[in-house]
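One structure is given here, and the rest of the page talks about it.
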Amino acid sequence: KQEVTQIPAALSVPEGENLVLNCSFTDSAIYNLQWFRQDPGKGLTSLLLIQSSQREQTSGRLNASLDKSSGRSTLYIAASQPGDSATYLCAVPPYSGAGSYQLTFGKGTKLSVIP
Amino acid sequence: DAGVTQSPTHLIKTRGQQVTLRCSPKSGHDTVSWYQQALGQGPQFIFQYYEEEERQRGNFPDRFSGHQFPNYSSELNVNALLLGDSALYLCASSLAGGGAFFGQGTRLTVV
């Protein structure tokens, strides 16, 4: 059974700092890995999708890396802003040629960026 | 493209009642999945629909059922509501090989 762990559970940083969020998973047989952002009481916004054959993906100030062999992914946020304050979740689906899509989520990292 | 839309946004029900939640997938997406998210937890997979059939199911009782229509929209039904069913219910749509896109969720409160 896949288990996803996110460390730290909460993080508070001053505006402008670079930061790293961590995600680890127990089963390396994954189809891809996705990072999401969730604002309080809201749905999930997809940030980055890394296919299992890729090592990293970038979007603006965000960069996500994937190391399948060690079961780890990191989300790097450059020059953090107060608007980045949210909970960040990582999720993985099992590898399946049929394209089934049961995502297993971590509990998330709650980020607070202090102005 | 309106993305994934869910209705209603909030709902209050009494224990023992039944509830139906609705989801319209992102344009072009043929697969719909439902998740339950308790406060402070990550979403938990309920089930997935593809071609109008339940393709996968998580560890949820039979009180949770669903349906997918020919236009790929979907419903989640929960019977005999319990207080513990209070949660944010999320719908996600996807295409094989692509990422999942989530709606804004339905906040269900059972009293």
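One residue alone among B:98, B:40, B:58 is of a type outside the set (Asp, Glu), at pLDDT below 95 and farther than 16 Å from residue A:102 by Cβ, and that residue is B:40. Residue count for segment B:11-51, restricted to those that are of a type outside the set (Phe, Trp, Tyr) and either crowded, with 20+ Cβ neighbours inside 10 Å or within 12 Å of another protein chain (Cβ to nearest Cβ) (or both): 22. Screening residue A:30 against (1) farther than 26 Å from residue B:107 by Cβ; (2) of a type in the set (A, V, I, L, M, F, W, C); (3) under 11 Å from the mean Cα position of the chain (by Cα) leaves a single unmet condition, (3). Looking only at residues in segment B:52-96 that are outside any strand (DSSP E or B) and touching a Ser or Thr at 6+ places or on another chain (Cβ under 9 Å), the one that is nearest to the other protein chains (Cβ to nearest Cβ) is B:96. Is it fair to say residue B:85 is at negative phi and surrounded by fewer than 16 Cβ atoms within 10 Å (Cβ to Cβ)? No. Summed over segment B:97-111, residues that are farther than 14 Å from residue B:38 by Cβ, of a type in the set (A, V, I, L, M, F, W, C) and within 13 Å of chain A (Cβ to nearest Cβ) total 3.
Looking at this structure, is residue A:59 surrounded by fewer than 16 Cβ atoms within 10 Å (Cβ to Cβ), modelled with pLDDT of 95 or more and over 15 Å from residue A:105 (Cβ atoms)? Taking the combined requirement at face value, the residue satisfies it. Flag: residue B:107 matches the condition of being surrounded by 13 or more Cβ atoms within 10 Å (Cβ to Cβ), touching a residue at least 60 places away in the same chain (Cβ under 8 Å) and not acidic (Asp, Glu). You will find that of A:49, A:33, the residue that is closer than 19 Å to residue B:102 by Cβ, of a type in the set (A, V, I, L, M), within 14 Å of another protein chain (Cβ to nearest Cβ) and surrounded by fewer than 20 Cβ atoms within 10 Å (Cβ to Cβ) is A:49 and no other.
If the condition is being charged (D, E, K, R) and out of contact with any helix residue (DSSP H, G or I) (no Cβ under 9 Å at 6 or more places or on another chain), then segment A:49-70 contributes A:55, A:56, A:67, A:68.
Yes/no matrix, rows are residues, columns are (1) among the charged types (D, E, K, R); (2) crowded, with 18+ Cβ neighbours inside 10 Å; (3) closer than 22 Å to residue A:19 by Cα:
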position: A:37; (1), (2), (3): yes, yes, yes
position: A:40; (1), (2), (3): no, no, yes
position: A:71; (1), (2), (3): no, yes, yes
position: A:103; (1), (2), (3): no, yes, no
position: A:107; (1), (2), (3): yes, no, yes
position: A:114; (1), (2), (3): no, no, yes
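The criterion of at least 2 residues that are farther than 27 Å from residue B:25 by Cα is met by the following strands (runs of 3 or more DSSP E) wholly inside segment A:1-89: A:4-7, A:10-14, A:19-25, A:62-67, A:72-77. Going by what's in this entry, would residue A:89 be described as in contact (Cβ under 8 Å) with a residue 60 or more places away in the chain and in contact with a Lys or Arg (Cβ under 9 Å, 6 or more places away or on another chain)? In short, yes.
The values are calculated or read from the model by the stated rules, or taken from the named source; none is laboratory data. The model shown is predicted, which means the values in this text are computed figures rather than measured ones. Positions of Cβ are backbone-derived with ideal geometry, glycine not excepted, and every protein chain shown enters the neighbour counts.
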